[in-house]
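The values are calculated or read from the model by the stated rules, or taken from the named source; none is laboratory data. Every value quoted in this text rests on a predicted model; they were computed, and no experiment measured them. Note that we place each Cβ from the backbone using ideal geometry, even for glycine, and neighbour counts take in every protein chain shown. We work out accessible area using only protein heavy atoms, side chains counted, and drop any ligands, DNA or RNA first. Shrake-Rupley method; radii C 1.70, N 1.55, O 1.52, S 1.80 Å.
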Amino acid sequence: RPVIDAQLEQLKDSPDWRVLLRIQPGPPVLIEIVAVAVTGAGAEDTALQQWQSQWPLVSGQVLDQTVWAERKDAVLELAEALGYLQARFETSRIALDLERNRADLELQLETGLRAVMGEVIYHQDIVDTAVLAPLSHLRPGDPYQAERIDDLRLDLWKTGYFDEIEVLEQPREATSPQVVDLLVRLEARHKSTHQLTLGYGTDTQVRTQYNCTRHRLSKRGD
């Protein structure tokens, strides 16, 4: 309920004009009724329950729609990280009563079923697939967890075989629960690393050192 007074005046001895706005914001809209719920398979998930219990917009507070939007985005990101890839809001409503400066909030997150892991498919001809198999602790049917996919990327990097590592998630269509395959594209690291060092010491005078590290000898991962 802002009150806005606008004036338009021409500047003295100038062709320019100035607009002057005086704004009285008026009383804020206060929250009256809040209903926030999590339904579906993730309703008992501890992290989602914590998000619900820490909902910041409560009765009696001033309505802040930026907080409303931020908390909605946060729970969708959280649900996805936990494996609820089809989570959506069944209800998302701010009901305003402008006569009383009151607002009712209603928000219901339906998580859907938790996704499960499918196959890990490697696209590479650098090492035998059997060499990479022990690196993945993801088994078909395991609950989807984004952090475990990050662990796979890290473990592949630690081998020292690869220069480029790309892990793409490929959800299968028309599956319940949703099945997510992983497509892993790998590019080889140079087989050898060379290092040349040049130094000087009062006892040794000029000295040099050359190191060659062979990272991979064969497709068996030697």
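Applying both filters, DSSP loop and at most 12 other Cβ atoms within 10 Å, to the trypsin sites (Lys or Arg not before Pro) of region 183-219 gives K191. Estimated from the Cβ-Cβ distance and a Förster radius of 45 angstrom, the FRET efficiency linking R207 and E187 is about 0.75. Taking every DSSP helix (H) stretch of at least 4 residues in the chain, weighting each as -39,500 (n - 2.57) and dividing the sum by the residue count yields a mean residue ellipticity at 222 nm of -6000 deg cm²/dmol. Site pair S14 and R172 shows an inter-label distance of 7.1 nm when each label is modelled 7 Å from Cα along Cα→Cβ. Heavy-atom accessible surface of I94, to the nearest 10 Å², is about 50 Å², with a 1.4 Å probe and all protein chains retained.
Distances between placed amide hydrogens fall under 5 Å for V120 paired with L182, all partners being 5 or more residues away or on another chain. For region 127-182, GluC sites (Glu not before Pro) meeting the loop criterion (DSSP other than H, G, I, E, B) and having at most 11 other Cβ atoms within 10 Å: E173. Each peptide in 65-73, 81-89 was scored by the mean count of other Cβ atoms within 10 Å over its residues; highest first, the order is 81-89, 65-73.
Just how far, in whole angstrom, is region 1-37 from region 168-205 if you go by their alpha carbon centroids? So the two Cα centres are separated by 56 Å. Computed on the Cα trace of region 81-124, the radius of gyration divided by the Kirkwood hydrodynamic radius gives Rg/Rh = 1.38.
Once C-alpha pairs closer than 8 Å and six or more residues apart are averaged by separation and normalised to the residue number of region 107-154, the relative contact order reads 47 percent. Scaling against 2.2 N^0.38 Å puts the C-alpha radius of gyration of region 87-173 at 1.80. Note that region 23-134 carries a Kirkwood radius of 16.8 Å, evaluated over its alpha carbons pair by pair. Let me know the charge dipole size of the chain about its Cα centre in debye, to the nearest 20, where only the beta-carbon of Lys, Arg (+1) and Asp, Glu (-1) is charged. So the magnitude is around 680 debye.
Hydrodynamic radius of the chain by the Kirkwood approach over all distinct alpha-carbon pairs: 23.6 Å. For the peptides 99-108, 19-28, the ranking by mean Cβ contacts within 10 Å, running from highest to lowest, is 99-108, 19-28.
For region 163-180, backbone phi angles converted through the Karplus equation (6.51, -1.76, 1.60; θ = phi - 60°) give residue-by-residue couplings of 9, 10, 10, 10, 10, 10, 8, 10, x, 6, 7, 6, 10, 9, x, 5, 9, 10 Hz, Gly and Pro being listed as x. Taking amide H positions as modeled 1.01 Å from N, with prolines and chain starts lacking one, the residues under 5 Å from T39 and 5 or more places away or on another chain are L109, E110, T111.
Gain on full extension, evaluated as 0.36 nm per residue between A95 and L154 minus their Cα-Cα distance, stands at 16.5 nm.
Cα-based radius of gyration for region 120-222, normalised by 2.2 N^0.38 Å, reads 1.57.
In this view, the solvent-accessible surface of S176, computed with a 1.4 Å probe and all protein chains in place, comes to about 100 Å².
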